[in-house]
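Rule-based calculations on the coordinates, nothing more; no lab input. Owing to the predicted nature of the structure, the values given are computational and were not obtained by experimental measurement. Cβ atoms come from the backbone with ideal geometry, glycine included; neighbour counts cover every protein chain shown.
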Protein chains: 2
Amino acid sequence: MRDTPYARIDVAVLEQNLARMAAYARARGVALRPHAKTHKSPDIAARQLAHGAVGLTVATVAEAEVFAAHGVDDLFIAYPLWLDGPRAARLAGLLTRGLRLRVGVDSVEGVRMLADATADVDRSRLSVAIEVDCGHHRSGIEPHAAGELAQRAHDSGLTVDGVFTFPGQSYTPDGMSEAAMDERRALRVARDSVTAAGLPCPLVSGGSTPTTARDELAVESDDVLTELRPGVYALGDAQQWELGVIEPASIAFGVVTTIVSRRDGEDGAARLIVDAGSKALASDRASWASGYGRVVEHPDARIVALSEHHATIVVPHGAASDLALGERLTVVPNHVCTAVNLVDELVAVGRHGDEELWVVAARGANT
Amino acid sequence: MRDTPYARIDVAVLEQNLARMAAYARARGVALRPHAKTHKSPDIAARQLAHGAVGLTVATVAEAEVFAAHGVDDLFIAYPLWLDGPRAARLAGLLTRGLRLRVGVDSVEGVRMLADATADVDRSRLSVAIEVDCGHHRSGIEPHAAGELAQRAHDSGLTVDGVFTFPGQSYTPDGMSEAAMDERRALRVARDSVTAAGLPCPLVSGGSTPTTARDELAVESDDVLTELRPGVYALGDAQQWELGVIEPASIAFGVVTTIVSRRDGEDGAARLIVDAGSKALASDRASWASGYGRVVEHPDARIVALSEHHATIVVPHGAASDLALGERLTVVPNHVCTAVNLVDELVAVGRHGDEELWVVAARGANT
C-alpha cells in the first residue's frame, strides 16, 4: 500500500494512446515529434520513439539536456530562446554531443544570438525554425514575415528547416476546428513567404492535442503540415475530457488520493475532502472547466475548491453513499503537464497490477 | 549571470517580515508557529525560530520528516491525517526522534487511527488538536462538537492540547475582517465546548496571513487566540499585494525572467512574453486577481495569460518604452507557496548582492 497522494500511470492506456497517435500521423504521412513537456519522463519518451516518433519537442535547453543525457538524439526546442548568460554555452554544449538540434526563433536578435552562441562549434546538425503566430498571440511573428527572418537566419550561416506554430487557442470548447483552420492558414502563408524568399521550406510544424487527435479534424490531402507536435495526447487530462477530445477511458494519468474529511450537505450532496491539493494537482483552471479536475470513480462529482493539500469534492446525491473516510479516489487533474511537473516519480501500473517507478527526470527543467 | 527563470529571495526584506510578525505576536502575547508549507526551506525555518517562533506548522508527515531531519523539534501537523498504509509507521517514527509533535484531528476515526498508530511508542511528547470549521468549509468539525471529539481523544489515551481552525475565507478583498471575527467566534465556541467536557484547553490556534498581519485586526485584550500560524507573511506574494495586506516593498520573493518576445499593440500597449510560465509561477489565480502575478518593475503591467513556459505581460502605454528583448523582469507570483514548491533551490540575495542557494528541502513532500 502506497501513501497518498501519488501520481499513477496506466501503462496499457498510455500504450494505446501512443499507438493511436502514431497510426494517425503515419496515415496522414506526417512526422510525429511529441512534446515532452507533458511527461518529462525518459521512459515515456522511449516508448514514443519506439512507436515511430522522429524525435522529441522540448521547451527549454534544460529539457533538451535531460533528454540528450537519456540518449534522445533528435530534439526541437520549440521556443524563442534568449541566449545570454550560461544558456549560450549550454546550447553549444548540446551540439558537441552529436545530436540533431532544431531551435525556434522569432526575432532578428534571437537569430543573431543563436549564430553567435554556435560560432565555434560544428553547426552541421543545427537548424532553425521560424515561429509564427496563428492567433494564439503568444510568441511568434506574423506569418507573412517568416521569409524575411528566414533570410536573416540563412545569411547568418544557419540552416533553416522551415516554420512552426502553436494553435493554443484550440483549448476552448468551440475553438478547436477554427484553431486548426487558423493554424493551417498561418502556416501556409509562412511557408509561402519562406519559399518566396528563395529558401526551401521542408518543415511545416504544428499541432496541439485538440487540433490533431480527432478524426474529424483530419484534413484534405493538400494539408500543409509536415510535422505534428502534440503533448497531452499521451496521458490525457480533465481539460481534454471536458473538451471532448479524449474519452475518460483513454486517460492514462491520475492522482490517487484519500478521503480525509467528510460532511453532508442539506441538499443530499456529500462534501468530501481528499488529500491532494494544488501541490499535487496544480491550480490550472480554464474559465470553462467544471472545477479543479475530475474524479474517475464519480464522473458526476465536481471539485469545487482547491487548497495546497485539500481538494473539496461535491458528490451530488452522495450523502447516502458509502463514500467513507479512508476510501481512495483517483483525481484527473485539469492539466497533466503541470501536475506531472510536481512529482519526482510516476507510479506506472502494468496490466497485471505490477508497478514500476518512472523518474520525471526533466521536472523543473525550466532554464 | 544566472539563467532565467529562477526564484529569488531578498534576505533583508525576509528578515524585516520575520521580525515584524514576531514582534506582533510578542505584543499580543501569543505564540507564533509559522506554517512552513510556504517556504519548505530549513534556512527560512531556522530564521523563524531565531526570531522566537515556538515551532513550526506543517501540512503532511513528509514535511514533518524533512524539518525534523533538519533539527526542528516542535512540529504541528495541522491536518486531519488518515493513518493507513506506511504513513502510520512513519508518524510513529517521528515520535521516536524525541521531537514534540501535535497532530490535527477532525473525526472519531482519525482519533482511533492516531491512537492505534502510536500505541507502541512513547506518547509523552504527542498531543492532538481538534480542527473546527470557522466558515471556510474545508476540513474541521462544527465548533460546538469539539468537546465531544476531545473527550474521545482523551479516552483513547491521547493528550488534547486544544482547538484550531484556518480562516481561509480571508483571502478575498472584503473578507478579511469578517473572517477574523468568524475565526474568533468559532474558536471561542470550540474552546468552551472542550472545557465544558471537563478538559483543559490551553491551545486556541488560528491565523492566516490576512487575518494576522494587519494592525487594524489586532483585537481586544480578551482575544481568544493563544497561537498564530501564518505562512505567507514571510515572503509575500501578489495575492497579498492585491489584498492590500503586504506592501510591494515587503515582498521578499520574485521569479526573475527574461523578455523573449515582444509585439506592440495598436493601442500603444507593449505585449511582452517572458520565459516564466505556470511551471515557474504556478497557475493560481483567484477570481479577484488582476492577472497571473505582478511585475515588480512595472506595477501597472498585467499578466494576462500564462502557458507552461510563457507569461504574456501587457504594459499599458509601453509601446514606446525601452522594454527590450533580453531585459529581465521580476515577477511576483499570485501564490508564493505553490511557486516555491516548483523549484529545488531559492537564490537568496543579501544586502550587498551576495548570493546563497537555499534548498527547498520539503518540495513535493505531499504524503
The one condition in (1) away from every other protein chain (no Cβ under 14 Å); (2) of a type in the set (Asp, Glu); (3) touching a strand residue (DSSP E or B) at 6+ places or on another chain (Cβ under 8 Å) that B:Asp106 fails to fulfil: (1)
Residues of region B:335-350 satisfying the condition of being farther than 16 Å from B:Pro42 by Cα, more than 8 Å from chain A (Cβ to nearest Cβ) and within 12 Å of the chain's Cα centre (by Cα): B:Val336, B:Ala339
Residues of region B:43-65 being within 14 Å of chain A (Cβ to nearest Cβ), buried (at least 21 other Cβ atoms within 10 Å of the Cβ) and among the aliphatic types (A, V, I, L, M), which ones? B:Val58, B:Ala59, B:Val61, B:Ala64
Note down all Cβ pairs under 8 Å where the first residue falls in region B:310-339 and is under 17 Å from B:Asp264 (Cβ atoms), the second is surrounded by 24 or more Cβ atoms within 10 Å (Cβ to Cβ) and hydroxyl-bearing (Ser, Thr, Tyr), and they're at least six residues apart or on different chains. B:Leu325/B:Ser261; B:Leu329/B:Thr257
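Out of all the residues in region B:162-175, which are surrounded by fewer than 24 Cβ atoms within 10 Å (Cβ to Cβ) and more than 14 Å from chain A (Cβ to nearest Cβ)?
First, pick out the residues of region B:162-175 that are surrounded by fewer than 24 Cβ atoms within 10 Å (Cβ to Cβ): B:168-169, B:171-175.
Residues satisfying the conditions are B:Pro173, B:Asp174, B:Gly175.
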Of the residues in region A:245-280, those that are under 30 Å from A:Thr212 (Cβ atoms), in contact with a helix residue (DSSP H, G or I) (Cβ under 9 Å, 6 or more places away or on another chain) and facing another protein chain (nearest Cβ under 10 Å) come to A:Val255, A:Ser278, A:Ala280
Of those in region A:135-161 that are hydrophobic (A, V, I, L, M, F, W, C) and within 14 Å of chain B (Cβ to nearest Cβ), the residue nearest to the chain's Cα centre (by Cα) is A:Ile141
Test B:Gly254 against the criterion of being outside any loop (DSSP other than H, G, I, E, B) and more than 24 Å from A:Ser287 (Cα to Cα), and give yes or no. yes
Which members of region A:67-103 meet the condition of being among the acidic types (Asp, Glu) and facing another protein chain (nearest Cβ under 9 Å)? A:Asp84
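Here is a check on your reading of the model: is B:Thr38 within 14 Å of another protein chain (Cβ to nearest Cβ) and not small (Gly, Ala, Ser)?
Numbers: within 14 Å of another protein chain (Cβ to nearest Cβ): yes; not small (Gly, Ala, Ser): yes.
Yes, satisfied.
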